[in-house]
Structures are given as C-alpha cells and as structure tokens.
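This report concerns only the one structure given below.
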Amino acid sequence: MLVEKVFLEGCFVLTPKVFEDERGCFFESFNKAIFEKQTGINTNFVQDNQSISSKGVLRGLHFQTGDFAQSKLVRVIKGSVLDVCVDLRKTSPTFGQHFSIVLDETKHKQLYVPRGFAHGFLALENDTIFSYKCDNFYNKNAESGILFNDEILNINWGLSRENLIVSEKDMELPTFKSLVDEY
C-alpha cells in the first residue's frame, strides 16, 4: 500500500496494491500495521458506514464536535465521487483550507481524514456506493457542519448549483465564518 501525505497535515491518500487477472481483482483495503508504520497514526476504527447516492448528490460538509470528533478513512466501492475535506483546526497552518480528490471504483484510492476536519462528497455517477470507517461512534448531539457552497471556502464542486442534489438539512448548515465565530 502506498501512503502519500497531502498538504493538509494529518491527511493521507492511500493507494492499495491491486492484483488483477482473468478472474477479476484483489486488494487489501486496510492494514492497521502498514497504516500506522507509514503515517505514525495509531487508530482504532469502531464503526463502518455506507451510503448509496445518485449522480449529483452532495453530502456534507459534516463533522462531529468535542469528545465525539471522528477520524475517517473513506473510499468508493462503486462509481466515483469528488471527495473534499476542510481543516477546522484553529491552530493549524492550513486552517480553513480544503483538499479534494476524485475517488473511484477503479483506482481504489482512499482518503484518511483526521479529527478536526469537515468532510463531504459529491457523487459523480448514479448508484455510487461510498464507504467509510470511523474511529469514534456517531452521536446525533455532536453533529455539525458547514454550508457546502460557503463563499470563504470557495470549493469547486465541478457542477453548477442547479445540478446538485442537496438535502434540506445540509442547505441549512452554518457558514464557515459563523462557525468559527461560534467556537
């Protein structure tokens, strides 16, 4: 497995070694020992989540607060997504910056998103299956987020607003500025 740092400290792109032949393919999607050795991060994933989305569905930008903050290891099982994470750590030199990557079913890349980040994704194909591991359990009272089209963050989702399918709940998330002012 190849583990590459991205410019946001603590974020990593993982690319597995894929073995292919006439039967199909095989790859190890996660190996705790290799992950820890290459990142220096000792994590214990306790919950796996999965969603299925139509093309144009945008989920995010979400995170959990306080004791319920989560690190995530995200990947696509079927289809493709534009995956985005935003550094919300006020003491970080990359505070307020974001990273994006296309994750798909053919390259099998994954993104490790540490605690202190907001995360979201846009499904680029119908019936996209998105999966992620979390190192902390979900807690409804700790959920929070940032508006996906926040002017300060200026994330290029690659689709016009009229082609996005966004939940009512995600449309009502606070702006980056109001969130920062609150904390």
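Hey, does the range 97-110 have a residue that's over 30 Å from Gly24 (Cβ atoms), surrounded by fewer than 18 Cβ atoms within 10 Å (Cβ to Cβ) and modelled with pLDDT of 95 or more? Spell out the reasoning first.
Looking only at the range 97-110, we keep the residues that are over 30 Å from Gly24 (Cβ atoms), and these are 97-99.
Next cut, surrounded by fewer than 18 Cβ atoms within 10 Å (Cβ to Cβ) only: 97.
Next, from what is left, pick out any that are modelled with pLDDT of 95 or more: 97.
Yes, the range 97-110 contains a residue that is over 30 Å from Gly24 (Cβ atoms), surrounded by fewer than 18 Cβ atoms within 10 Å (Cβ to Cβ) and modelled with pLDDT of 95 or more.
Have a look at Ser167, Ser160 and point out the one that is out of contact with any Asp or Glu (no Cβ under 6 Å at 6 or more places or on another chain), surrounded by fewer than 20 Cβ atoms within 10 Å (Cβ to Cβ), without any contact (Cβ under 8 Å) to a residue 60 or more places away in the chain and small (Gly, Ala, Ser). Step through it out loud before you land on a result.
Numbers: Ser167 fails: without any contact (Cβ under 8 Å) to a residue 60 or more places away in the chain.
Sole residue among the options that is out of contact with any Asp or Glu (no Cβ under 6 Å at 6 or more places or on another chain), surrounded by fewer than 20 Cβ atoms within 10 Å (Cβ to Cβ), without any contact (Cβ under 8 Å) to a residue 60 or more places away in the chain and small (Gly, Ala, Ser): Ser160.
When you go through Lys32, Lys37, Lys78, Lys109 one by one, which is the residue that is touching a residue at least 60 places away in the same chain (Cβ under 8 Å) and among the basic types (Lys, Arg)? Before the answer, list the steps.
Details: Lys32 fails: touching a residue at least 60 places away in the same chain (Cβ under 8 Å); Lys37 fails: touching a residue at least 60 places away in the same chain (Cβ under 8 Å); Lys78 fails: touching a residue at least 60 places away in the same chain (Cβ under 8 Å).
Going through Lys32, Lys37, Lys78, Lys109 in turn, just one is touching a residue at least 60 places away in the same chain (Cβ under 8 Å) and among the basic types (Lys, Arg): Lys109.
Based on what the data block shows, is Ser144 over 24 Å from Ser80 (Cβ atoms) and within 15 Å of the chain's Cα centre (by Cα)? Break it down stepwise before answering.
Numbers: over 24 Å from Ser80 (Cβ atoms): yes; within 15 Å of the chain's Cα centre (by Cα): yes.
Considered against the rule, which asks whether it is over 24 Å from Ser80 (Cβ atoms) and within 15 Å of the chain's Cα centre (by Cα), Ser144 comes out as yes.
Please go through the range 5-40 and give me each residue that is under 21 Å from Gly120 (Cα atoms) and either touching a helix residue (DSSP H, G or I) at 6+ places or on another chain (Cβ under 9 Å) or surrounded by fewer than 11 Cβ atoms within 10 Å (Cβ to Cβ) (or both), ordered by number.
Lys5, Phe7, Gly10, Phe12, Leu14
Can you tell me which residues in the range 41-82 are in a loop (DSSP other than H, G, I, E, B), surrounded by 13 or more Cβ atoms within 10 Å (Cβ to Cβ) and more than 12 Å from the chain's Cα centre (by Cα)?
Step one: filter the range 41-82 for residues in a loop (DSSP other than H, G, I, E, B), giving 41-46, 54-56, 65, 69-71, 79.
Remaining after also requiring surrounded by 13 or more Cβ atoms within 10 Å (Cβ to Cβ): 41, 43, 45, 55-56, 65, 69-71, 79.
Ile41, Thr43, Phe45, Lys55, Gly56, Thr65, Ala69, Gly79, listed by residue number.
Quick one: is Thr91 surrounded by fewer than 14 Cβ atoms within 10 Å (Cβ to Cβ), closer than 30 Å to Asp181 by Cβ and not small (Gly, Ala, Ser)? Working first, answer last.
Details: surrounded by fewer than 14 Cβ atoms within 10 Å (Cβ to Cβ): yes; closer than 30 Å to Asp181 by Cβ: yes; not small (Gly, Ala, Ser): yes.
When the stated conditions are applied, Thr91 passes them.
The conditions are (1) over 20 Å from Phe148 (Cα atoms); (2) without any contact (Cβ under 8 Å) to a residue 24 or more places away in the chain, and Val102 fails exactly one of them. Which is it?
Every condition holds for Val102 apart from (1).
When the residues of the range 1-40 are filtered to those that are within 17 Å of the chain's Cα centre (by Cα) and assigned to a loop (DSSP other than H, G, I, E, B), which remaining residue is farthest from Ser92 (Cα to Cα)?
Ser29
The values are calculated or read from the model by the stated rules, or taken from the named source; none is laboratory data. From a predicted model like this one, the values you see are computed outputs, not experimental measurements. Please note: Cβ atoms are built from the backbone with ideal geometry, for glycine as well, and neighbour counts cover all protein chains shown.
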